[in-house]
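Peer 1: This is the structure I want to talk about, given as structure tokens.
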Amino acid sequence: MSTAPKAVVFHTSTSSTELDCNDDDIVLITHSKSGANCVLKKFGAHVLSYQTAAGKPLIMLSKDAIMDGSAAIRGGIPLCFPQFGQPNKSYPQL
């Protein structure tokens, strides 16, 4: 029985939290050649962290980030397109 990998989310260069990738909402992507990695949260399409191949964290979260979906995540990169809320009906629809 294999254990799921842990995704590391950084708050500062020395403070971090491990997230369980068994959670269907957390995705860990690791570049096979370099080892650079990125942690994504499917809910809200949010990049939680990015770490270079050398291990340097470039994207971090607030220590106060709430990850249960009850509030916006503090830090990282939210991927929002084209807008929050209901689309404007005057714009072309895809």
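Peer 1: Could you say which residue among L48, L28 is at pLDDT 80 or above, touching a Pro at 6+ places or on another chain (Cβ under 9 Å) and open to solvent by less than 60 Å² (accessible area, probe 1.4 Å)?
Peer 2: Residue meeting the stated conditions: L28.
Peer 1: If I ask for residues that are touching a Phe, Trp or Tyr at 6+ places or on another chain (Cβ under 9 Å) and surrounded by 14 or more Cβ atoms within 10 Å (Cβ to Cβ), which ones from segment 51-66 would you list?
Peer 2: Q51, P57, I59, M60, L61
The values are calculated or read from the model by the stated rules, or taken from the named source; none is laboratory data. Nothing here was measured: the structure is a model prediction, and the numbers come from that model. Because the Cβ atoms are built from the backbone with ideal geometry, glycine has one as well, and the counts that use them run over all protein chains shown. SASA here: full protein model, heavy atoms, side chains in, ligands and nucleic acids out. Shrake-Rupley method; radii C 1.70, N 1.55, O 1.52, S 1.80 Å.
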